[in-house]
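Here the structure is laid out as structure tokens; the discussion comes afterwards.
What follows draws every value from the coordinates through simple rules; no lab data is involved. Predicted model, so just to flag it, every value in this text is computed and none were measured. Cβ sites come from the backbone with ideal geometry, for glycine too, and all protein chains shown count toward neighbours.
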Amino acid sequence: MPAVLYVIKDKVQKASNDKLLELIIAEHGAALQRFVRVRVGQKDDADDVVQDVYARLAQMSQLEQRVAGRMDTVRNYLFQIAVNIITDRYRKAVVRREFDHVDADEPSTIYGALGSTLSSPERQLEGKRTLQLIQLALNDVKPELQQAFLLSRMDNMSYREISDTMGVSVSTVEKYISAVLVAIRERVLP
């Protein structure tokens, strides 16, 4: 008879955890999605990480007791879980890349090497088109904006060094580079 009570108690606990998980998702889901998206970059990968966060929460026993003492920091708790998942995925990708003997200097996503598809003709053509769009965007901006951007990206100069070179303030350099990045983004990602 006590085993039946234990099973019933687990179902009540599970229902309580599910309800709490729904409340956490409703309150913090959008912020978690933005947080992960900024760090991962690709929407599909970000969605996977967010789902992994929810899966970890759903698997936790006594979720209510774990978050009861920190209701004001539940968002931080979610973010820390997300950071841990992103770190784990990155480490696995590095191991996978080493196992597949892919050069670590090749451009790839954070989640692993794409192997032969990185140098596929389609990928190369896409890269050339993107570079052409970036060049067009650079041609459309004022010369001082272009100069600040190229000093930053091509000459690896700090904003302070650029401000000294151009004779403008650091905040002006920040504004110049930001304006160029917006122009590039508008051109490349219509």
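Between Leu145, Leu181, Ser158, the Cα set farthest toward the positive side of the dipole of the range 123-190 (charges on each charged residue's Cβ, about the Cα centre) is that of Leu181. Residues whose amide H lies under 5 Å from that of Met157, counting only those 5 or more places away or on a different chain, are Ser152; hydrogens are built 1.01 Å from N in the peptide plane.
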